[in-house]
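Data first, discussion second: the structure below is written as structure tokens.
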Amino acid sequence: MSVLVYLESENKAYKKTANELASYAAELANQLNTEAIGLVINNDQPEIIGGLNQIISVNNEALDTYTAEKFASLISVAFEKSGAQYLVIGSSADSKYLGGLISAKSSSGYIPNVIALPENIDGKTAFKRTVFTNKGYALTTPKTKRCIIGLSKNSFGSVRSDSGSRVESMILDVIDDPVSLISKSTVNGKATIADADIVVSAGRGLKGPENWHLIEELADVLGAATACSKPVSDLGWRPHSEHVGQTGKPVATNLYIAIGISGAIQHLAGINASKIKVVINNDPEAPFFKAADYGIVGDAFTIVPQLIEKLKAFKAENA
Amino acid sequence: MKILVCISAVPDTTSKINFTADQKSFDTGGVQFVINPNDEFGLTRAVWFKEQQGAEVHIATVGEASVEPIMRKALAIGADKAFRINTHPLDGFLVANTLSEHIKTEHYDLVICGRESIDYNGNMVPGLIANHCNFAFINTCTSLTVDGNKATATREIDGGSETLETQLPLVVGAQKGLVEESDLKIPNMRGIMSARTKPLEIITPSSLETLTEDLSFEKPDSKGAITLVDEANIDQLIELLHKEAKVL
Ligand SMILES: Cc1cc2nc3c(=O)[nH]c(=O)nc-3n(C[C@H](O)[C@H](O)[C@H](O)COP(=O)(O)OP(=O)(O)OC[C@H]3O[C@@H](n4cnc5c(N)ncnc54)[C@H](O)[C@@H]3O)c2cc1C
Ligand SMILES: Nc1ncnc2c1ncn2[C@@H]1O[C@H](COP(=O)(O)O)[C@@H](O)[C@H]1O
């Protein structure tokens, strides 16, 4: 009754999130006194990470492009064959796409947005997950023998790094997917909101799109992704893909810097899962000051340029 | 084309979330319910298909009688017929299972769900339906066109987008982008009047099986006080982020 964890690959290598997922699986297996097994698809160097006991490696050209039905079928078969009790998956767009499909195919409950190892409640194994877009938590228990755990990003950390175990290949059939990929476009070279450790976000306080060079420069210095509040994308100042919040993209980064954002409940709900929040706003009464860890009351147009210069100096010193 | 839009009733986005004293359930006291925002995009697109290409649009909600005002609103926006599956939506599996049963009897070509509901954030109903009904499935859908039996969609992925093609029958997980926010339909007087007489059928589900159970709920810890840094002292902020928060 082991723990299987699906570790996504990108360009034939582990995605950045792999270590945290593997760490979680290893700790869960440890708690259950069993083994943790990684499942990797088309990865050229599937070495052991995050304290796993074993890697199952699947290689097949037909899996070079991701489509959900194809991947879900294959992962369900691997879940079955491995005899694992738990399947841990991540919270990327691709992994969330798989959750419901694998749940149906493997007749196992799916508990998404999990943020911790299970606890025992009246003899039941309960997983803590976020609900109401971070406005609350539920403790949820599976009623099925096998169960899928969707781990929230940056909720557990890459706590394990020990390595050294077996890599085995497995040959699995790939089904024809009724959905076919026609084209794909990604922003290359720039950090994305989903992957970045730091997100620099700005709101209507920035006054207009012509001022966003400040936000981009700050993001560049920090290697951060840029984001914005909903009205900013509604006004067309920034692309919709940057809209974060309850009705936009969720943000769970190590550091979230909010500039000229008031901190409306719908905005906060979507970014609350970030570890450290910094606010820069000229209105000391802005609700964001109640939600943030650090803050500066003042004008973004004088603070941000200084912050950029000082961070450049800091980076040069600590390089 | 026959379309079903699955609509969940969720707390208005401004709601403060509270749980009952025994922490066993969500406290609905004083909470205003709305159509789940992702479903609203899907509903507007469905009505667009009806107006532009000719389609019959049904909606379905799994819930008790208290969800009917939301369903009437969806009818006022332009759906033709509503089905309420009469049970408390305990988990995503139960919701998907009972909806699938309905989908199989009505033979829809297109089922539009939201990518996720903003209450329990289950992320699973459309995927489960696709499997139960053996439909194709496209999630995080930001555009959708249908030409005969062929559907073309774009999907948001982390850091970009994809264009996908498939055949009907299809389930999509809708989100912002599927229609422009400024095009979201708001019920007008005529819509509201006609919604009163549109059919709203109540269905008794045949199975109430669930795969998970929510044992209890908690609110997040209230946050500690903020550390304010003077605007003349930006170095201190960098120092704090480096040494105390350890994020730089
Ligand atoms: C159904 C629904 C869903 C929603 N979903 C979301 C969501 O997902 N995400 C989201 O973000 N919002 C969402 N909203 C909108 C939300 O309610 C707020 O309106 C929005 O977040 C406000 O954006 P803002 O902070 O950029 O703008 P404002 O509220 O206008 O705030 C601008 C801030 O900038 C400050 N400021 C002004 N000038 C300066 C300066 N020179 N220097 C520093 N600070 C300055 C002001 O003090 C103010 O606090 C939703 C609303 C609804 C109704
Ligand atoms: N009780 C419900 N009744 C009808 N549709 C629902 C219900 N709950 C969820 N859905 C649909 O499934 C989508 C995803 O919900 P979820 O899987 O709960 O995040 C929603 O956007 C709705 O389209």
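When the residues of region B:161-178 are narrowed to those that are surrounded by fewer than 20 Cβ atoms within 10 Å (Cβ to Cβ) and assigned to a loop (DSSP other than H, G, I, E, B), which ends up nearest to the other protein chains (Cβ to nearest Cβ)? Checked region B:161-178; the qualifying residue nearest to the other protein chains (Cβ to nearest Cβ) is B:G177.
When A:L74, A:L98, A:L52, A:L63 are checked against the criterion of being more than 23 Å from A:S183 (Cα to Cα) and not assigned by TED's automatic domain parsing to the domain that holds A:N254, A:L52 stands alone in meeting it.
Beta carbons closer than 7 Å, at least 6 apart along the sequence or on distinct chains, pair a first residue in region B:64-93 that is without any contact (Cβ under 8 Å) to a residue 60 or more places away in the chain and closer than 27 Å to A:T140 by Cβ with a second that is open to solvent by 10 Å² or more (accessible area, probe 1.4 Å) and within 16 Å of ligand 1 (Cβ to nearest atom) for B:V67/B:A9.
Considering A:I265, A:I303, the condition of being at the interface with chain B (Cβ under 7 Å from one of its Cβ atoms) and more than 27 Å from the chain's Cα centre (by Cα) is satisfied by A:I303 alone. In region A:195-220, the residue that is farthest from the other protein chains (Cβ to nearest Cβ) out of those that are within 20 Å of the chain's Cα centre (by Cα) and either within 16 Å of ligand 1 (Cβ to nearest atom) or open to solvent by 60 Å² or more (accessible area, probe 1.4 Å) (or both) is A:S201. Once region B:67-88 is narrowed to residues that are assigned to a loop (DSSP other than H, G, I, E, B) and on the phi < 0 side of the Ramachandran plot, the residue that is farthest from ligand 2 (Cβ to nearest atom) is B:D80. Taken over region A:221-252, the criterion of being of a type in the set (A, V, I, L, M, F, W, C) and surrounded by fewer than 22 Cβ atoms within 10 Å (Cβ to Cβ) is satisfied by A:V221, A:L235, A:W237. Taking the criterion of being of a type outside the set (V, I, T) and surrounded by fewer than 23 Cβ atoms within 10 Å (Cβ to Cβ), the residues of region A:30-42 that qualify are A:N30, A:Q31, A:L32, A:N33, A:E35, A:N42. Once region B:112-139 is narrowed to residues that are closer than 16 Å to B:E40 by Cβ and in a strand (DSSP E or B), the residue that is farthest from the chain's Cα centre (by Cα) is B:I112.
Close contacts from region B:34-59, counting a first residue that is in contact (Cβ under 8 Å) with a residue 60 or more places away in the chain and a second that is hydrophobic (A, V, I, L, M, F, W, C) and open to solvent by 30 Å² or more (accessible area, probe 1.4 Å), with Cβ to Cβ under 7 Å and a gap of 6+ residues or different chains, come to B:E40/B:L184; B:T44/B:L184; B:F49/B:M1; B:Q53/B:M1.
Within region A:253-279, restricting attention to residues that are within 8 Å of ligand 1 (Cβ to nearest atom) and assigned to a loop (DSSP other than H, G, I, E, B), the residue that is surrounded by the most Cβ atoms within 10 Å (Cβ to Cβ) is A:I261. Criterion applied to B:F135, B:F49, B:F93 was being within 19 Å of B:Q167 (Cβ to Cβ) and open to solvent by 20 Å² or more (accessible area, probe 1.4 Å), and the one residue passing it is B:F135.
Scanning region B:165-189 for residues that are farther than 26 Å from B:G148 by Cβ and either touching a Lys or Arg at 6+ places or on another chain (Cβ under 6 Å) or away from ligand 2 (no atom under 16 Å from the Cβ) (or both) turns up B:E181, B:S182, B:I186, B:P187, B:N188, B:M189.
The values are calculated or read from the model by the stated rules, or taken from the named source; none is laboratory data. Quantities reported herein were computed from a predicted structural model and do not represent experimental measurements. Virtual Cβ from ideal backbone geometry, glycine too; neighbours counted across all protein chains shown. Ligands, DNA and RNA are excluded from the accessible area calculation, which covers all protein heavy atoms including side chains. Shrake-Rupley method; radii C 1.70, N 1.55, O 1.52, S 1.80 Å.
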